[in-house]
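Peer 1: Structure provided below as structure tokens; questions to follow.
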Amino acid sequence: MEASQKLQLFATQMYLEPAEDVDSRPIPINIRPKKEGLAGRAPQEVLPCGQVSSSRNIEAQRDSLGITEAVMPGGKRIKLLKTLLTSACERNCYYCPFRAGRDYRRATFKPDEMAQTFMNMYRAGLVEGLFLSSGIIKGGVATQDKLIETADILRHKLGFHGYVHLKIMPGSERDQVLRSMQLASRVSVNLEGPNTRRLQQLAPKKVFLEELLQPLKWVEEIRQIQRPNQTWNGRWPSSTTQFVVGAVGESDLELLTTSSHLYQQAGLSRTYFMAFNPVPGTPLENNPAENPWRQHRLYQASFLLRDYGFDLEDLPFDQDGHLPLVNDPKLAWALANLVQSPVEVNRANKEDLLRVPGIGPKGVHSILTARRHRKLRELQDLKALGVNPTRPAPYILLDGQRPPYQPRLL
């Protein structure tokens with residue numbers, strides 16, 4: 001099989017890896033899930049955070065051999081080749097199209113073939129970076145060796161100095177994690193489930209603590225105790241993980257509890273969520289697809305934990321441990337806490353300002369800088385600082401006064 005045919009075959013399923021995808025843009029504020037029928041799908045023309053599984057996107061990935069527009073950690077956009085070393089796999093994950101025993105055409109790249117194929121595309125201007133994962137053959141250690149060999153060829157034989165996101169296989173050894181970190185711009189381990197119980201329902205041959213969580217802990221341990229002297233760029237890579245959402249009845253509280261722990265204890269840069277879509281020929285093929293609005297709310301809540309100083313106890317979980325779909329979690333918190341106790345923009349600290357809907361880290365920085373020189377008295381003052389005043393207006397005071405605003409129609 002030609003290299004282009006292999007890439008095309010893999011591309012149809014790479015929506016399973018939403019990392020870096022550009023479709024993490026927010027949903028327009030006027031597009032909201034209806035209060036009735038929340039189990040329905042989000043509008044197809046509006047993609048919630050990270051949602052890349054629409055038929056249009058799958059077709060685009062097929063036509064582009066798996067080349068996607070991707071957002072880098074610093075915000076830069078590049079053309080990223082998302083692909084696999086092999087679609088053959090000895091694991092039997094219940095949700096995965098590549099699971100062992102499924103009737104599916106398989107293909108495999110050798111490390112030098114993959115490296116050369118990518119460099120040919122790079123030199124032709126087709127791609128700027130590589131996201132490389134793999135099915136597991138002869139165990140995670142042997143598979144990780146092939147991923148490392150591919151990255152090593154790219155860096156040291158072919159001289160590639162761009163972005164490489166390298167997947168760390170279940171069961172990889174510590175020295176393999178270290179070598180992967182020396183070669184990659186980003187590394188990731190897919191936990192898939194938030195705990196041992198949920199992982200067993202998704203992927204019974206994977207071991208949550210020893211095979212998956214331990215490599216993530218090694219990544220942070222290495223960053224803390226070793227200098228990045230032998231890395232390709234003099235810096236340690238960032239790290240991420242991913243969860244399957246809605247396949248086995250896990251709650252949002254379970255997912256976000258693990259996410260919060262990883263942000264605090266494992267130095268994780270990002271948690272990705274993949275709304276479950278059933279794959280024919282798998283044990284979960286008759287399970288319903290998850291509402292992508294749930295995925296979107298999980299991303300929003302994850303950012304609150306990572307960037308906004310929220311704790312799990314602040315999030316508006318219902319009695320079953322789920323977030324509301326109608327309002328984003330920051331707005332839900334504000335409705336419960338700020339309507340009667342608005343935040344005085346001219347005196348509030350950074351932490352309190354970050355809890356106001358519509359004010360993010362950049363907006364907080366602008367407000368704190370501006371008020372050293374003058375008082376902010378009108379919504380127009382916020383607008384001049386780059387803060388859209390529509391969302392924060394009901395929850396703030398400006399020089400002791402509630403600003404006038406038009407109530408939002410639901």
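The values are calculated or read from the model by the stated rules, or taken from the named source; none is laboratory data. Because the structure is predicted, anything quoted here is derived from the model rather than measured. Every residue, glycine among them, receives a Cβ derived from its backbone with ideal geometry; neighbour counts consider all protein chains shown.
Peer 1: Quick one: residue 236 ticks every box in (1) of a type in the set (Phe, Trp, Tyr); (2) without any contact (Cβ under 8 Å) to a residue 40 or more places away in the chain; (3) over 17 Å from residue 95 (Cα atoms) except a single one, so which number is it?
Peer 2: Here residue 236 clears every test but (2).
Peer 1: Filter region 332-375 down to residues that are part of a loop (DSSP other than H, G, I, E, B), under 28 Å from the mean Cα position of the chain (by Cα) and among the hydrophobic types (A, V, I, L, M, F, W, C), then give me how many there are.
Peer 2: As a first pass, look at region 332-375 and keep what is part of a loop (DSSP other than H, G, I, E, B): 338-342, 345-349, 355-360, 371-375.
Applying the additional criterion that residues be under 28 Å from the mean Cα position of the chain (by Cα) yields 355-360.
Applying the additional criterion that residues be among the hydrophobic types (A, V, I, L, M, F, W, C) yields 356, 359.
So the answer is 2.
Peer 1: Within region 376-393, can you find the residues that are more than 34 Å from the chain's Cα centre (by Cα) and either surrounded by fewer than 19 Cβ atoms within 10 Å (Cβ to Cβ) or among the hydroxyl-bearing types (Ser, Thr, Tyr) (or both)?
Peer 2: Across region 376-393, the qualifying residues are 377, 378, 380.
Peer 1: Residue 346: of a type in the set (S, T, N, Q) and assigned by TED's automatic domain parsing to the domain that holds residue 15, yes or no?
Peer 2: Numbers: of a type in the set (S, T, N, Q): yes; assigned by TED's automatic domain parsing to the domain that holds residue 15: no.
Spelling it out, it is not the case that residue 346 is of a type in the set (S, T, N, Q) and assigned by TED's automatic domain parsing to the domain that holds residue 15.
Peer 1: Another question, if that's okay. Got a sec? Which helices (runs of 4 or more DSSP H) wholly within region 169-266 have at least 3 residues that are surrounded by fewer than 20 Cβ atoms within 10 Å (Cβ to Cβ), of a type in the set (D, E, K, R) and out of contact with any strand residue (DSSP E or B) (no Cβ under 8 Å at 6 or more places or on another chain)? Full working, then the answer.
Peer 2: Numbers: elements: 174-183, 196-202, 214-225, 252-265.
Here the list reads 214-225.
Peer 1: Kindly indicate the residue of region 267-289 that is in contact with a Ser or Thr (Cβ under 6 Å, 6 or more places away or on another chain) and among the polar types (S, T, N, Q) and also surrounded by the most Cβ atoms within 10 Å (Cβ to Cβ) among those meeting that condition.
Peer 2: By that ranking, first place goes to 271.
Peer 1: How many residues does region 117-155 hold that are small (Gly, Ala, Ser), surrounded by fewer than 18 Cβ atoms within 10 Å (Cβ to Cβ) and over 22 Å from residue 89 (Cα atoms)? Outline the logic, then answer.
Peer 2: Keep residues of region 117-155 that are small (Gly, Ala, Ser), which gives 124-125, 129, 133-135, 139-140, 142, 151.
Okay, now just the ones that are also surrounded by fewer than 18 Cβ atoms within 10 Å (Cβ to Cβ), so 124-125, 139, 142.
The next check asks that each one be over 22 Å from residue 89 (Cα atoms); those that pass are 124-125.
Matching residues across region 117-155 total 2.
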